[in-house]
Amino acid sequence: MTATTSPTTDEKPRRDAPPEGYDPRPRVTDGIEPAVVGTRCTACAHPTLEDVERCPVCGGPTRPTTFARTGTVFSGTVLRIPVGDRQPPISLAYIDLDDGPRVLGHGQDPERVLRPHERVTLVGETDEGDPAFAADGESR
Amino acid sequence: MSTVVRGVGTSAFGKQSHRGAPALLRDAVTEALDDAGTPTTGIDAVFAGTVFDGPGTIQRCLQTLGIVGVPVVTVENACASGTTAFHEAVEAVRLGRYENVLAVGVETMTHTFSSSIVPEDTDREGRSGMAMPSIYGMAAARYAAEFGTTPEQLAAVAVKNFGNGVHNPRAARRRGVSVEEVLASRMIADPLTVLQCCGMSDAAAAAVVGPARNAPDDVTVRATALRSGGLWDHRSTKVWGWDVVHDTAAAAFETAGVGASDVDVFEVHDAFTIGEVVTTEALGLAPLGEGGRLAAAGVTTLSGRSPVNPSGGLLSRGHPLGATGLAQVAEIVWQLRGLTGARQVDGARLGVVETMGGGAAGIDGNGCVVAVLEGAA
Ligand SMILES: [Zn+2]
């Protein structure tokens, strides 16, 4: 299979981007205050990462939104084995965003376990394009 | 009329990629058919489970046994694929569609993967590197923080199950371990070490299901239940998988008219030590947060009040996804017939099988099956 990136651009291709370009991960906005993009139900306010047309909880209409950058760790771990092309260590955590859904994030420091109840802030994306979080007090 | 398991069979479990799915499946199905007293020409329909083995695998295997010209339905339900096939076979008999139904599962993990399972890249979390050990590592970390579940309590599950597996000639790993050895082994996903994670394994397992026929070795299916997980999101206070196991078990127990305390022997999904802790809680063997005490206190050992995983579990067998659930069914059938030698639970009459599988982000598990089986009085 051949790469689909244009040879005329300098843009670095994402290492793990499949040729068809579908990326199911949550989108993170650019800028100094990045935020996770999703939808919110206009009837029951349920937040969803997927770009759904109808709320999976109540069936109500949704509108696009961004969520708070801050959140609380539900739980986290550091994976110490390769996952496909990814090399360990890999810090992974479920983050409950303050006004939003539970999102799987990467710890900015791949060696550091993000512990349950720790406060974290979204700092952007990893090199591989995953939402990246740093614990409050951790240098960024 | 009640539905019974007439016969069961499995291949050996272990890394045996040179054998391929057809030979493994023949081992399991031939044993199950002989056990049931059913000729290959007597099978009316086949429900099969596999996750990663390729399109047409089941028909490719079955033709080598001469099982052709019948309905063959292959299901994929992650780790619960084999038990989902079993559930569908039981339901087909119960509803009168067929009389002799083969449930079979196969997985050649070492053919598909060079080391561990690579998560699905069309899944939002799989694409982010969420492998199965990290899901369970997070559950273990949450239990440590919320309930004080200790590394030693987790290790006690591995000590128990590997200890039982020593007596299972079909297990992939037959060596006892100590708590110290478990905790000193290589870290995979904090706080889970490698001796708390099931290994890669190739195998097949099968069961023949039909209406009751007054055969003394037949095992009655008191109930099976199957459901997918609910939404698992910021509203969920329990760890991943707890609710779907609880709700599926509640449905199966209600149909069977029994409770967890009535059950003599369990085979549950211990892909990781914390999985057994969470599952035994969700089945009702301990209050929320106290499942860590069960193995350490001896409640779930062979001679304990509620023996869990006398076969050695997934930790000892390894985890060939499609085969696992039917291997659990086979172990419970053998236990209820009193055939398991040094790993026998004395006088076991009522047994439970539980399998829960996942991988799809946002829900509390792709699927869970709980079956309640009863031996002859
Ligand atoms: Zn809604």
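The values are calculated or read from the model by the stated rules, or taken from the named source; none is laboratory data. Since we're looking at a predicted model, the values are computed, not measured. Neighbour counts are summed over all protein chains in view; Cβ atoms, including those assigned to glycine, are modelled from backbone coordinates with ideal geometry. Surface areas here come from the heavy atoms of the whole protein model, side chains and all, with no ligands, DNA or RNA. Shrake-Rupley method; radii C 1.70, N 1.55, O 1.52, S 1.80 Å.
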Report, by residue number, each residue of segment A:82-104 that is over 22 Å from B:Ser116 (Cβ atoms), assigned to a strand (DSSP E or B) and open to solvent by less than 20 Å² (accessible area, probe 1.4 Å). A:Ile95, A:Leu97, A:Arg102, A:Val103
Mind checking which pairs have a first residue in segment B:175-196 that is more than 8 Å from every other protein chain (Cβ to nearest Cβ) and a second that is surrounded by fewer than 22 Cβ atoms within 10 Å (Cβ to Cβ) and basic (Lys, Arg), Cβ under 8 Å, 6 or more apart or different chains? B:Thr193/B:Arg186; B:Val194/B:Arg186
Here are the criteria: (1) farther than 27 Å from A:Val103 by Cβ; (2) hydrophobic (A, V, I, L, M, F, W, C); (3) more than 17 Å from the chain's Cα centre (by Cα). Tell me which single one B:Val106 does not satisfy. (3)
Take B:Asp217 and tell me if it is within 30 Å of B:Glu125 (Cα to Cα) and either open to solvent by less than 30 Å² (accessible area, probe 1.4 Å) or part of a loop (DSSP other than H, G, I, E, B) (or both). no
For segment B:58-83, which positions are within 21 Å of the chain's Cα centre (by Cα) and open to solvent by 10 Å² or more (accessible area, probe 1.4 Å)? B:Val73, B:Thr74, B:Val75, B:Glu76, B:Asn77, B:Cys79
State yes or no: is B:Ala371 open to solvent by 10 Å² or more (accessible area, probe 1.4 Å) and either touching a residue at least 24 places away in the same chain (Cβ under 8 Å) or assigned to a helix (DSSP H, G or I) (or both)? no
Close pairs from segment A:57-71: first within 13 Å of chain B (Cβ to nearest Cβ) and in a strand (DSSP E or B), partner open to solvent by less than 70 Å² (accessible area, probe 1.4 Å) and within 16 Å of the ligand (Cβ to nearest atom), Cβ under 8 Å, at least 6 apart: A:Gly71/A:Gly100
Only one of (1) surrounded by fewer than 24 Cβ atoms within 10 Å (Cβ to Cβ); (2) within 30 Å of B:Asp35 (Cβ to Cβ) does not apply to B:Val106, and that is (1)
Open to solvent by less than 10 Å² (accessible area, probe 1.4 Å) and of a type in the set (Ser, Thr, Tyr): is that true of B:Ser11 in this structure? yes
From the list B:Thr74, B:Thr110, B:Thr38, pick out the single residue that is closer than 25 Å to B:Leu315 by Cα and of a type in the set (Ser, Thr, Tyr). B:Thr110
Which one is nearest to the ligand (Cβ to nearest atom), of the residues in segment A:31-51 that are within 11 Å of another protein chain (Cβ to nearest Cβ) and assigned to a loop (DSSP other than H, G, I, E, B)? A:His46
Kindly indicate whether B:Ala256 is over 29 Å from B:Arg6 (Cα atoms) and of a type outside the set (D, E, K, R). no
On the given criteria, is B:Glu125 at pLDDT 95 or above and within 14 Å of chain A (Cβ to nearest Cβ)? yes
Selection count where residues are acidic (Asp, Glu) and at positive phi, scope segment B:10-45: 0
Is it true that B:Arg97 is among the charged types (D, E, K, R), at pLDDT 95 or above and loosely packed, with under 15 Cβ neighbours inside 10 Å? yes
I'm trying to understand the selection: among the residues of segment A:57-81, which are within 8 Å of the ligand (Cβ to nearest atom), on the phi < 0 side of the Ramachandran plot and open to solvent by 20 Å² or more (accessible area, probe 1.4 Å)? A:Val57, A:Cys58, A:Thr62
Going by the conditions given, is B:Glu281 over 15 Å from the mean Cα position of the chain (by Cα) and over 17 Å from B:Asp346 (Cβ atoms)? yes
Taking segment B:119-175, which residues are within 30 Å of B:Ala12 (Cβ to Cβ) and among the charged types (D, E, K, R)? B:Glu120, B:Lys160, B:Arg170, B:Arg173, B:Arg174, B:Arg175
Quick one: how many residues across segment B:109-131 are of a type outside the set (D, E, K, R), crowded, with 24+ Cβ neighbours inside 10 Å and touching a residue at least 60 places away in the same chain (Cβ under 8 Å)? 2
